[in-house]
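Presented below is the structure to which this report refers.
The values are calculated or read from the model by the stated rules, or taken from the named source; none is laboratory data. This one's a predicted model, so the numbers in the text were calculated from it and none came from an experiment. All Cβ positions, even for glycine, are placed from backbone atoms using ideal geometry, and neighbour counts span all protein chains on display.
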Amino acid sequence: MTTRMWQEIHEQPAVARRIIETWRTERAALLADCRAELRGAERVILAGTGASLAACRAGQYIFVRCGRLLPHVVPADDLTGPAARLLGPESLVILVSQSGESLETREAVRALRAGGVRLWGITNDPSSLLAREADQVLPLDAGAEVSSATKTYLATLLLLLLLAGAGGCLQHLPDDLEETLRRSAEPVARWAAALAPAQAGYILGLQQFGPIAAQGALLLKEKASLHFEGLTVSEFRHGCIEAVQPGLPILLLASTPAGAAEGLRHAAYLASLGADVRLITDAVPAEDMRLGCDGTRAELGRAAGAAGPQPAAGPTRSTPAATARTPQTPPGARTPGAEGERQPPGASPTAILPSDRVLVVQNRGDRVLGMLQAVVPLQLLAERIARELGHDVDGFRYISKVVDSYQY
């Protein structure tokens, strides 16, 4: 039996088509006005809670990359304290809330209204408090969402892309999302069976994929009750790496051939410590890049045409390492006997990943759109693990879909 979460994940291509077409046609004038107001704002702040805050953090990179604008990102409840008194009419707050009615959203709206701050609301409910009180409401148009934030999360990233100035590059996104869903089905089923017994793990994103990793970890907590942490690789390397033990699950997220190559170097190092490593990427790092484990070699081949790179068939064994191997030199570290030189960016690792631990999503070389593709297998993984563990995938144990109050 399919869950509502599974259905909502698979509705995302249709949601993307609807949003792109709506803002290209009937909301084109509104979009132009919003872009102009953003360029003229003295200070832009993105705010939200939970998955909405994770979307805001991804949105910061989107605005830097596509809009040449560096917005502040804060949790919504920070806007009700001393920070709110620092804002005025020259500031523009974009408050994101799927429901528009969460406790933090309501309190932030009241504080911002009292301070005369310009407020835009991104919400999936046009009748919500946020929509009623905002100077400008930007509807997500994602349709009803029962389970955890999946299609509303993707819709938020897409709307932020449009506000930041993205346009023509989005035309292939719906079809590419469909392809990513297709490619992800079989690997996710295998990975879920291997990861379901885990109690904890990490999802690590290179650079802009840090917020995507955080959203994936949130879904694994929320749906599968697994304590995964989502961080950037650099955050992880400054302390958290000390928690690595044999068999610890780690998912790495990377984009573009150069990013995929760097991701593989990190994967090789973490696997040498005994971690159970998998990689989600949208690119094969090099034509001759080989991935092997325990003497078995598998090669990542390239599919012809626009379908992009796909992993060739390879070994399907996914048993985590039982003991830590001799650690390799950390990526970017000084290497003994090399006169202190850093490893060259294109250096192939003595890789420790068979091809069944690499999932290549669809993308056309765009770093930003790669973020939208990478979150899809994480959504599917959370849903599948929750089912494997017998959880109520579409329900919640301690919260409700709309956290509009705290019950103690």
Exercise. Does any residue of region 134-154 turn out to be of a type in the set (S, T, N, Q), modelled with pLDDT of 95 or more and surrounded by fewer than 24 Cβ atoms within 10 Å (Cβ to Cβ)?
Worked result: yes
Seminar exercise, completed: With the first residue restricted to region 30-48 and required to be modelled with pLDDT under 95 and exposed (fewer than 14 other Cβ atoms within 10 Å of the Cβ), and the second required to be of a type in the set (A, V, I, L, M) and not in a strand (DSSP E or B), Cβ contacts under 9 Å at 6 or more apart or on different chains are ARG39/LEU69
For this session: For region 92-104, name all the residues that are in contact (Cβ under 8 Å) with a residue 40 or more places away in the chain and either closer than 14 Å to ALA114 by Cβ or not polar (S, T, N, Q) (or both).
Result: LEU92, VAL93, ILE94, LEU95, VAL96, GLU101, LEU103, GLU104
Problem set entry | Residues satisfying the stated conditions in region 18-71, i.e. touching a strand residue (DSSP E or B) at 6+ places or on another chain (Cβ under 8 Å) and of a type in the set (Ser, Thr, Tyr) | THR49, SER52
For this session: Hey, can you tell me all the residues within region 49-76 that are of a type in the set (Gly, Ala, Ser) and on the phi > 0 side of the Ramachandran plot?
Result: GLY50
For this session: Could you identify the single residue in GLU186, GLU179 that is in the same structural domain as GLY259 (by TED's automatic domain parsing), surrounded by fewer than 16 Cβ atoms within 10 Å (Cβ to Cβ) and either at pLDDT 95 or above or part of a helix (DSSP H, G or I) (or both)?
Result: GLU186
For this session: Output the residues belonging to region 133-176 that are of a type in the set (Val, Ile, Thr), under 28 Å from ALA224 (Cα atoms) and not in a loop (DSSP other than H, G, I, E, B).
Result: THR152, THR156
Exercise. What residue, among those in region 231-247 that are free of Cβ contacts under 8 Å to residues at least 40 places away in the same chain and among the small types (Gly, Ala, Ser), is surrounded by the fewest Cβ atoms within 10 Å (Cβ to Cβ)?
Worked result: GLY239
